[in-house]
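See below for the structure under consideration.
Please treat every number below as a calculation from the coordinates, not as lab data. All figures in this text were calculated on a predicted structure; none of them were measured in a lab. Glycine also receives a Cβ, built like all others from the backbone with ideal geometry; neighbour counts cover every protein chain displayed.
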Amino acid sequence: MTSAHTDPAPVTVRVPAKVNLELLVGPLRDDGFHTLSTVYQAVNLHDDVTVALDDEWGCSVSGQYADVVPTGSSNLALRAARLLAEETAVDTPVHVTIAKTIPVAGGMAGGSADAAATLVACDRLWGLGLSTEELEEYAAELGSDVPFLIRGGTAMGSGRGERLAPVLARGSYHWVFAISDIGLSTPEVYAECDRLRGDTSPRAATPEPNSQLMSALRTGDPHALAPQLTNDLQEAAVSLRPELGELLSSGMEFGALGGIVSGSGPTVAFLVEDVEAAIDLTVALTATGAAREVRKAIGPVHGAHVIPARVD
Ligand code: ATP
């Protein structure tokens, strides 16, 4: 270990998960990605990522999902640290510790969130003084969702989702996330979406954000937002896992204002009226046993930000 008295103190960054209020999928590009138009909202399901100087690069993960997150070179957080070091000519290794509460492989961008948090934490630890714009550029090299998780709030994403523009959104929204056990990989869902569309894709080459969604967000009224929630990947996710269709119907029957598959799934996000409705829906969905876990959340919240170090 490097001696503590001369080293900068470890830096901890809290980072949210995301839900896509709208996810419009255009045709497949030559580089293998789809052109997207999306509206992200950051929600307060968080991971805390701590970076500390060490003699070698390393990563460890704690929390209920620790078993299913790799700690080697495929961990997105470790990749983020190494990318930033390479790009800024830093040769000081760090150990990345992830306290994970964002569901893994749930369409909530947990790995991307950890990468975003690591960029912000390493910038502080190494004293690089990079701007948010510079960090977002490095973030885009790591994944389509990573820049948004630095920015947070509510924002539009175009390109692969990495090109961000601000959205005027008022108020706070209450969400209930039903997290299921059924595996569903992002490439599998995009492939099914392409298959279902066949050669008759109705989408224009560049999907455009829906102006009614933008108007709804300006009202701050969840009743206005609920009917505008759209996910072009939902049909594919439900086609692959019909249980998700049943879960969506149950949530609506139990009083949700709107329900949507989150990103590529399998998590289902329900928009509800207020905190009481969130508690009621959480209890009702938990009782059905249709989801492994049901969690309440509020959005929008801040993107990756430094917090006082954990003392546990
Ligand atoms: P997205 O919404 O961006 O499609 P997701 O929420 O569905 O992502 P993640 O939680 O990011 O999925 O995890 C996808 C896979 O990435 C996991 O199965 C895991 O093996 C791998 N992975 C690599 N690094 C991490 C990390 N730091 N946290 C979680 N998963 C990671």
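Please check: in the Gaussian network model of the chain (C-alpha springs, under 10 Å), which one of Gly107, Gly183, Gly265 has the largest mean-square fluctuation.
Gly183
Counting other C-beta atoms within 10 Å, which of Leu271, Leu196 has the fewest, and how do the rest follow?
Leu196, Leu271
Per 5 Å bin from zero, what fraction in whole % of the C-alpha pairs of the range 173-312 is there, up to the bin with the longest pair?
Distribution as computed: 2, 9, 17, 18, 17, 16, 12, 6, 2, 1, 0, 0 percent.
Which angle from 0 to 90°, rounded to the nearest 10, does the C-alpha axis of helix 76-87 make with the longest principal axis of the chain?
The angle comes out near 50 degrees.
What percent of all Cα-Cα pairs in the range 4-167 falls in each 5 Å bin, counting up from 0?
Using 5 Å bins, I get a P(r) of 2, 10, 19, 22, 20, 14, 9, 3, 1, 0, 0 for the range 4-167.
Just need the Rg to Rh number for the chain, please, alpha carbons only, Kirkwood Rh. Could you put the intermediate results ahead of the total?
On the way: Rg = 19.4 Å, Rh = 19.9 Å.
Using only Cα positions, Rg/Rh for the chain is 0.98.
Using packing as a proxy for protection, rank 65-76, 18-29 so that the peptide with the highest average count of other Cβ atoms within 10 Å comes first. Mind dumping the intermediate values first?
Numbers: 65-76: 14.6, 18-29: 22.8.
Ranked from most to least packed, the peptides come out as 18-29, 65-76.
Under the √(5λ) rule applied to the eigenvalues of the Cα gyration tensor, what semi-axes describe the equivalent ellipsoid of the range 71-148? Give them in Å, descending. If you can, show how the numbers build up before the last one.
On the way: eigenvalues 78, 40, 21 Å².
Rounded to whole Å, the semi-axes are 20, 14, 10.
Going out from 0 in 10 Å bins, what whole percent of all Cα-Cα distances in the range 2-68 drops into each bin?
P(r) over the range 2-68, rounded to whole percents: 15, 27, 26, 24, 8, 1.
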